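> This structure is in structure tokens; I'll ask about it shortly.
The values are calculated or read from the model by the stated rules, or taken from the named source; none is laboratory data. This one's a predicted model, so the numbers in the text were calculated from it and none came from an experiment. Here Cβ is always computed from backbone atoms with ideal geometry, including for glycine, and neighbour counts include all displayed protein chains.
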Amino acid sequence: MRLRSGLVCLTLCLCCFVFVAISFPGSATLSGSAESAAPDSPLGTLIASAASPQEPTDQRSAIAYTQRFVQVKQQGTFQVSHEYRVPEELRSLRVRLPPAATVTDKSGFSHAGNGTYEWTGARTAVSLTYRMPANRSHDDGDLRVASGEYAYVDAGEWAIVEQPRPDHHWTWDDQPVGLERSVRVAGEGAAGQRMVYFGPYREYTRKAHGQQFRLIVPEATALSVDRGALLDSLAAASDTLRVGDRDDEVFVVAAPTEGVEWQLRGLQRGPADFWVQADEPLATPENVWLHEYVHTRQGYRLAPDLEWTREGTAVYYAALLSLEQGLVSGDAIRARLDSCADGEFGASTLSSPDTWAPGADYCLGALVASDLDRRLRLASDGERSLQTVLRRLNAREQPAAAATFVALLGSVGDGSVAAAGSLYTMTTERPSPSPSPFRGPGS
Ligand SMILES: [Zn+2]
């Protein structure tokens, strides 16, 4: 994510979600759950994502759950309906809605208190309908009630909102039952897996390297960059970044800027949804379009002492990819990174978020990422790079900590790279500005 006014704030893409189908034959545990943030369920198997309307793959053994989004006349809110088709094997189903939800209708559910609704056993017309506040601001990694500048907003003619993620818990008889979600937008609009755009728009798509890019351009705005060039850039990045976690679909909204005070220059949420202010350029080391795309390729989970890599590598690769695509000069990037070695971040230690000056993970993180990338290339005669480290992080099932990262620097590079990694991430020592940080072997 990029704050509107500079290099600040935490990404929210840690909250990438999966919907799980619990399926473990022979287990005596006849229950399942899909919670609002369940990226690490050891029992879950991804059986459905919700990138586009879809039919359930096996309605005999799954709760088919359609989340339908509706823009309503009352500005600042939107409506969500859940429509369920329940299989014979289902024994119970409990849904806990987000605290901000206001239920307006229900069928086949009874209210169990505390925002929780229990299925009555009805086999048809099982649904919940509620309203959610649309306007949200970002604060310390959380989205909260709007405070004048927005991360999500309902502008009346159009809106960009976050999809609510209710918790589901259920039990079954005999055959295990999963949960499959699909999403729909009533009227004009489009939905990814975590974001919804309401309003008139044009959609442009591009397929590249196993990914489908959906670019949503609202009628209320015009891109300041050439549309084809933007899709070319994203497609090229899709190929160049070989770090794994390549989502099938990337949902991109060009956010209108007229009449809205955005808090951020861009926001990435879920596996691969993001919006970027429509007037953001491509030809800049900060390239917010590529920055947010890089976030979609960060599927790993991080301990707090490695959290700096989230923004640091997004800033670094946005700049590096822009250079490789001929959008910016190496001098421009060097100037940007060199500015991060100055006193502004003098007391910041990357592995200790409590010590960060505002933006340290972005700016200082990018400087260190650049240095470590160069060292890894040199140590491996260009065979490996920081991408190799990120790919190994993405392949991990457990969260990665600072020690993990240093160990990877040693195995991908050598002991000297690991030592540099320790020094520059766990102390206030800084790498020396390199005369050519982007032109090591293999770059
Ligand atoms: Zn970011």
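So that you can scan it fast, the table gives a plain yes or no per residue for (1) under 24 Å from A159 (Cα atoms); (2) of a type in the set (G, A, S); (3) not assigned by TED's automatic domain parsing to the domain that holds A395:
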| position | (1), (2), (3) |
| --- | --- |
| L215 | yes, no, yes |
| A220 | yes, yes, yes |
| L223 | yes, no, yes |
| A229 | no, yes, yes |
| R242 | no, no, yes |
| D245 | no, no, yes |
| L267 | yes, no, yes |
| D273 | yes, no, yes |
| P285 | no, no, yes |
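> Filter the range 287-301 for residues that are over 12 Å from V252 (Cα atoms) and more than 11 Å from the ligand (Cβ to nearest atom) and give the result.
N287, R297, G299, Y300, R301
> Follow-up. On the basis of being touching a residue at least 60 places away in the same chain (Cβ under 8 Å), over 27 Å from Y150 (Cβ atoms), over 16 Å from the mean Cα position of the chain (by Cα) and more than 14 Å from the ligand (Cβ to nearest atom), does A236 make the cut?
Details: touching a residue at least 60 places away in the same chain (Cβ under 8 Å): yes; over 27 Å from Y150 (Cβ atoms): yes; over 16 Å from the mean Cα position of the chain (by Cα): yes; more than 14 Å from the ligand (Cβ to nearest atom): yes.
Criteria met by A236.
> Further, regarding this structure: Which members of the range 198-211 meet the condition of being farther than 30 Å from T77 by Cα and touching a strand residue (DSSP E or B) at 6+ places or on another chain (Cβ under 8 Å)?
R206, K207, Q211
> For the structure I just gave you, tell me whether G244 is closer than 30 Å to H168 by Cβ, modelled with pLDDT under 95 and within 16 Å of the ligand (Cβ to nearest atom).
The answer is no for G244.
> Any idea which residue in the range 315-365 is farthest from A283 (Cα to Cα), counting only those that are within 16 Å of the ligand (Cβ to nearest atom) and at pLDDT below 90?
C340
> Looking at P304, P281, which is the one that is closer than 28 Å to T428 by Cα, surrounded by fewer than 19 Cβ atoms within 10 Å (Cβ to Cβ) and modelled with pLDDT of 95 or more?
None of the other options fit; the residue is P304.
> Still on this structure: Would a scan of the range 268-276 turn up a residue that is within 16 Å of the ligand (Cβ to nearest atom), aliphatic (A, V, I, L, M) and touching a residue at least 12 places away in the same chain (Cβ under 8 Å)?
yes
> Filter the range 396-430 down to the residues that are assigned to a loop (DSSP other than H, G, I, E, B) and surrounded by 20 or more Cβ atoms within 10 Å (Cβ to Cβ) and list them by number.
G413
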